[in-house]
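Novice: Dropping a structure here in structure tokens format, bear with me for questions.
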Amino acid sequence: MLHVFITVGHFQRCHELGLFGVRPSSINQLAQVRDGDEAWLYPRLAGALVGPYRCRGEVTYLGPEVPAPAWEPAAPGSAREEFRFVVGLAAERTPGRVPVARLYATARAAGITCGPADFVKRSVFTFLPAEGARMAEALARAPKQDGLVFAPRPRPYPLDGYRPVNAANLEYILRHEALDESLLEFILAREGGGLLAEAGARPAFNQLRIDDRGNRIDLVYAGADNIFIVELKRGRRDAEARRDILRYELWARGRRRELAAALGMETASPAVTPVLVAAGGPPRPADCLIYDWRLAPDPARLAFARVQ
């Protein structure tokens, strides 16, 4: 899978130490990362993508007791969070630069609409596999500028002994981090966590890109003959949730054949079912499945209850 990691103020340290990190509130950005995936860094101020890199190992939780490996800790009294979740990066050859303007032109030539909102409004998105493959090919063909005269030479950072972020280590992580919408999405995208277990569905994508204006589907689950479009809410079931879930459902219905092929489903025209996952609130909207979620404390695990 192809990843683009967006960074604003820490690019040189990301590059030097061969790591990319996210704040606790943004861990869902790394949910799709797997060992061996290809990654590019996008230093927003430089206006170019830098890479390619290879993702090494699992996404890792450094924890607040571990000194930040690549970034300065927050100053006393500052509200800025430390970067605690990281993925190791390795440069298998000298990384080059692809200017974003050239990337846009190359992507359009490959039949992919790619716009500034993809790199500014959001820091993560997932292409459907066919589009992602075309984007990777476009990046491989794009002429690259040599060298990174403004960045130090990458060097590995030792990650041995730190905890991978997964359901088995959830109790350890939750000693220091709140189980908010972002961490919930990460666990569900990688582990399933029991959501839709009765339907035999498995998690397939998170932050699935549906256009170049910043709209993303939180989670997509695949069943035997059903695609579940999942919207996570931080405890509210309201008109906004209804608008979001209906818009995503319509998009998925119009592309069910493409989704079925991407998910490896036997049927070419699966059903599309919207699902709302929230921690409380009135049972609306009525035209989708609704689940409550909570954290079961002993042992620490995710528990889901069907509301309607």
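The values are calculated or read from the model by the stated rules, or taken from the named source; none is laboratory data. Since this is a predicted model, take the numbers as computed values, not measurements. We place every Cβ from the backbone using ideal geometry, glycine too, and count neighbours over all the protein chains shown.
Novice: From the list Ala110, Ala91, Ala105, Ala101, which one is among the hydrophobic types (A, V, I, L, M, F, W, C), within 22 Å of the chain's Cα centre (by Cα) and modelled with pLDDT of 75 or more?
Specialist: Among Ala110, Ala91, Ala105, Ala101, only Ala91 is among the hydrophobic types (A, V, I, L, M, F, W, C), within 22 Å of the chain's Cα centre (by Cα) and modelled with pLDDT of 75 or more.
Novice: Looking at the range 159-171, which of the residues that are over 15 Å from the mean Cα position of the chain (by Cα) and touching a residue at least 40 places away in the same chain (Cβ under 8 Å) is farthest from Glu58 (Cα to Cα)?
Specialist: If we take residues in the range 159-171 being over 15 Å from the mean Cα position of the chain (by Cα) and touching a residue at least 40 places away in the same chain (Cβ under 8 Å), then Glu171 is farthest from Glu58 (Cα to Cα).
Novice: Sticking with this structure for a sec: Across the range 144-175, what is the number of residues that are surrounded by 14 or more Cβ atoms within 10 Å (Cβ to Cβ) and either in a loop (DSSP other than H, G, I, E, B) or among the β-branched types (Val, Ile, Thr) (or both)?
Specialist: Within the range 144-175, residues that are surrounded by 14 or more Cβ atoms within 10 Å (Cβ to Cβ) and either in a loop (DSSP other than H, G, I, E, B) or among the β-branched types (Val, Ile, Thr) (or both) number 10.
Novice: Counting only residues that are on the phi < 0 side of the Ramachandran plot, assigned to a loop (DSSP other than H, G, I, E, B) and small (Gly, Ala, Ser), how many does the range 20-42 have?
Specialist: So the answer is 1.
Novice: For residues that are polar (S, T, N, Q) and not in a helix (DSSP H, G or I), scanning just the range 176-210, find the one that is farthest from Val33 (Cα to Cα).
Specialist: That would be Gln207.
Novice: Consider Ala224 carefully, then state whether it is in contact with a Phe, Trp or Tyr (Cβ under 6 Å, 6 or more places away or on another chain), farther than 23 Å from His3 by Cβ and either loosely packed, with under 15 Cβ neighbours inside 10 Å or modelled with pLDDT of 85 or more (or both).
Specialist: Working: in contact with a Phe, Trp or Tyr (Cβ under 6 Å, 6 or more places away or on another chain): no; farther than 23 Å from His3 by Cβ: yes; either loosely packed, with under 15 Cβ neighbours inside 10 Å or modelled with pLDDT of 85 or more (or both): yes.
So Ala224 does not fit the description; no.
Novice: If the Cβ limit is 7 Å and pairs must be 6+ apart or interchain, which residue in the range 185-201 that is over 17 Å from Asp225 (Cβ atoms) pairs with which residue that is outside any helix (DSSP H, G or I) and acidic (Asp, Glu)?
Specialist: As it stands, the answer is Glu185/Asp218, since those pairs meet every condition given.
Novice: Ok, one more. Pick out the one residue from Ala201, Ala138, Ala241 that is crowded, with 17+ Cβ neighbours inside 10 Å and assigned by TED's automatic domain parsing to the domain that holds Pro52.
Specialist: Ala138
Novice: Also, I was wondering about something else. Look at Ile27 and say whether it is touching a residue at least 12 places away in the same chain (Cβ under 8 Å) and farther than 21 Å from Glu137 by Cα.
Specialist: yes
Novice: For Arg237, which of the numbered conditions (1) at pLDDT 85 or above; (2) under 18 Å from Tyr291 (Cβ atoms) fails to hold?
Specialist: Condition not satisfied by Arg237: (1).
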